[in-house]
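The values are calculated or read from the model by the stated rules, or taken from the named source; none is laboratory data. This is a predicted model, so every value here is computed, not measured. All Cβ positions, even for glycine, are placed from backbone atoms using ideal geometry, and neighbour counts span all protein chains on display.
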Amino acid sequence: MKQRKLRMGIIGGGITGFIGAIHIRSAIMENMIDLVCGCFSSKPEVSIESGRRWYLPDNRIYSSYHEMFEKEMQLPEGERMDFVAIVTPNHLHFEPAMMALERGMHVVLDKPMTFSLEEAKLLKVKVEETGLVLALTHVYSGYPAVKEMKSRIANGDIGKLRRVYVEYPQGWLSERIELQSGNNAGWRTNRAYSGKAGSMGDIGTHAWHLCEYVTGLKVTELCAELNSFVPGREIDDDGTAMMRMENGVKALLSASQIAIGEANSFNIRVYGEKGGFRWKQMNPNELYVLTSDKEQIQHIGNNTNLGQMASWNTRTPAGHPEGFLEAFANIYRNFAHTVTTKMNGEEPTAEMLDFPNVLDGVRGMQFIETVVKSGWSDNEKWTSWVD
């Protein structure tokens, strides 16, 4: 197999926000990817300053993503970017992603995948037509402890599943900070930029995805309540959904951005006939294994107690926690392995393919459509999955 680093371009993620640096640092962590170009902001001066901070030459720092695609395509194939990471507000996901796919470039997208379900379906068709790779950064599925939970559930360690609780409380939108400057609350609370959902689109999709990821089961219908607690806010800042899943499993999802005092207290509990699991994102290297008479902690690290998927995605010995950046890096690394393997005409392994993809992206937009339809309804609440 020929080995070389993949060349990465980025759209969005300038110095006025935080997520661009997260993506870039995570992408380069495994030494499989180089950042070669970017359009970091719609403001040319911000884009230039941002690119220079990553030591890019001025001729590879662009003022618009249209310019970036045009000029990158003029470069020799051995110099232009192989893939683009898109870390813009939701309304600017679809067009650059489609432009990349049409030019033979792979894509990494922040979640939710698109602004609307219709756009998501079009991206799915294009990915299938081209055979290119699209990764979606549902970062919490990248944690080794989560992967260990998923493997043990699939192995039947806790028996037939019964109940899932998944909760994501934050408090940063407990006041109407979108009226102030210096934060990214403005677009996240504006339907014209975020799409139909607020907290459910931003963090509720993470909770939904983790629920389906660890169980291997799909949600079939849900009953939701959405709230906009802060006066003047046009979309939800809080919500709850009862979800019916395949195989008779019941799930309860809660996502709130007005839970004062909470940062990112994301957690999930899964219960079966023989036991259960509990994981908290803020203690990422501890997987709680529950039985009827005891509670044990499986400490995640390079040891013989982990399954193949968790081991593949673990870097450090037990006692050295792997966190948010490493979970992001697992998505980028597995994506890079998959792209490189396909470039060499070979089939990626199951470990390489273990990252959220375009199908997850469509499912995420279906979740948003369904939860909004149910959550704001004054009549019948239980809503079948929106296709």
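Do we have Val166 as among the hydrophobic types (A, V, I, L, M, F, W, C), within 30 Å of Ala310 (Cα to Cα) and out of contact with any Cys (no Cβ under 8 Å at 6 or more places or on another chain) here?
For Val166, the condition - among the hydrophobic types (A, V, I, L, M, F, W, C), within 30 Å of Ala310 (Cα to Cα) and out of contact with any Cys (no Cβ under 8 Å at 6 or more places or on another chain) - is not met.
So which residues in region 270-292 are among the aliphatic types (A, V, I, L, M) and loosely packed, with under 14 Cβ neighbours inside 10 Å?
Scanning region 270-292 gives a single hit, Met282.
Look through region 108-127, keep the residues that are in contact (Cβ under 8 Å) with a residue 24 or more places away in the chain, more than 17 Å from Phe335 (Cβ to Cβ) and aliphatic (A, V, I, L, M), and return whichever of them is surrounded by the fewest Cβ atoms within 10 Å (Cβ to Cβ).
Leu122
I'd like the full set of residues that are without any contact (Cβ under 8 Å) to a residue 40 or more places away in the chain and in a helix (DSSP H, G or I), limited to region 25-56.
First, the residues of region 25-56 that are without any contact (Cβ under 8 Å) to a residue 40 or more places away in the chain: 28, 31, 34-35, 38-56.
Ile28, Pro44, Glu45, Val46, Ser47, Ile48, Glu49, Ser50, Gly51, Arg52, Arg53 - these are the residues of region 25-56 that are without any contact (Cβ under 8 Å) to a residue 40 or more places away in the chain and in a helix (DSSP H, G or I).
Tell me, please, whether a residue that is in contact with a strand residue (DSSP E or B) (Cβ under 9 Å, 6 or more places away or on another chain) and assigned to a loop (DSSP other than H, G, I, E, B) can be found in region 114-122.
no
Given the residues Arg80, Arg60, Arg25, which is the only one that is under 22 Å from the mean Cα position of the chain (by Cα), surrounded by fewer than 23 Cβ atoms within 10 Å (Cβ to Cβ) and at pLDDT 95 or above? Spell out the reasoning first.
Values: Arg80 fails: under 22 Å from the mean Cα position of the chain (by Cα); Arg60 fails: under 22 Å from the mean Cα position of the chain (by Cα).
Step by step, each of Arg80, Arg60, Arg25 is checked, and only Arg25 is under 22 Å from the mean Cα position of the chain (by Cα), surrounded by fewer than 23 Cβ atoms within 10 Å (Cβ to Cβ) and at pLDDT 95 or above.
Among what's in region 229-247 and is out of contact with any strand residue (DSSP E or B) (no Cβ under 8 Å at 6 or more places or on another chain) and more than 20 Å from Met113 (Cα to Cα), pick the residue that is surrounded by the fewest Cβ atoms within 10 Å (Cβ to Cβ).
Residues of region 229-247 out of contact with any strand residue (DSSP E or B) (no Cβ under 8 Å at 6 or more places or on another chain): 230-235.
If we keep only those that are more than 20 Å from Met113 (Cα to Cα) as well, we get 230-234.
On the way: Val230: 17, Pro231: 6, Gly232: 9, Arg233: 19, Glu234: 11.
Residue satisfying both the conditions and the ranking: Pro231.
When you scan region 1-22, how many residues do you find that are surrounded by fewer than 24 Cβ atoms within 10 Å (Cβ to Cβ) and either within 19 Å of Lys342 (Cα to Cα) or polar (S, T, N, Q) (or both)?
Total satisfying the criteria: 8.
Determine which member of the set Tyr165, Tyr213 is surrounded by fewer than 22 Cβ atoms within 10 Å (Cβ to Cβ) and over 28 Å from Phe94 (Cβ atoms). Break it down into steps so the answer makes sense when it comes.
Working: Tyr213 fails: over 28 Å from Phe94 (Cβ atoms).
Sole residue among the options that is surrounded by fewer than 22 Cβ atoms within 10 Å (Cβ to Cβ) and over 28 Å from Phe94 (Cβ atoms): Tyr165.
The rows are residues; the columns are (1) hydrophobic (A, V, I, L, M, F, W, C); (2) over 23 Å from the mean Cα position of the chain (by Cα); (3) more than 16 Å from Leu134 (Cα to Cα).
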{"site": "Phe355", "(1), (2), (3)": "yes, no, no"}
{"site": "Val358", "(1), (2), (3)": "yes, no, no"}
{"site": "Ile368", "(1), (2), (3)": "yes, no, yes"}
{"site": "Lys373", "(1), (2), (3)": "no, no, yes"}
{"site": "Thr383", "(1), (2), (3)": "no, yes, yes"}
{"site": "Asp387", "(1), (2), (3)": "no, no, yes"}
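Could you grab me the full set of residues in region 1-12 that are modelled with pLDDT of 95 or more and of a type outside the set (Val, Ile, Thr)? Please lay out each step first, then the result.
Here is the first cut: in region 1-12, the ones modelled with pLDDT of 95 or more are 5-12.
If the condition is that a residue be modelled with pLDDT of 95 or more and of a type outside the set (Val, Ile, Thr), then Lys5, Leu6, Arg7, Met8, Gly9, Gly12 are the ones that fit.
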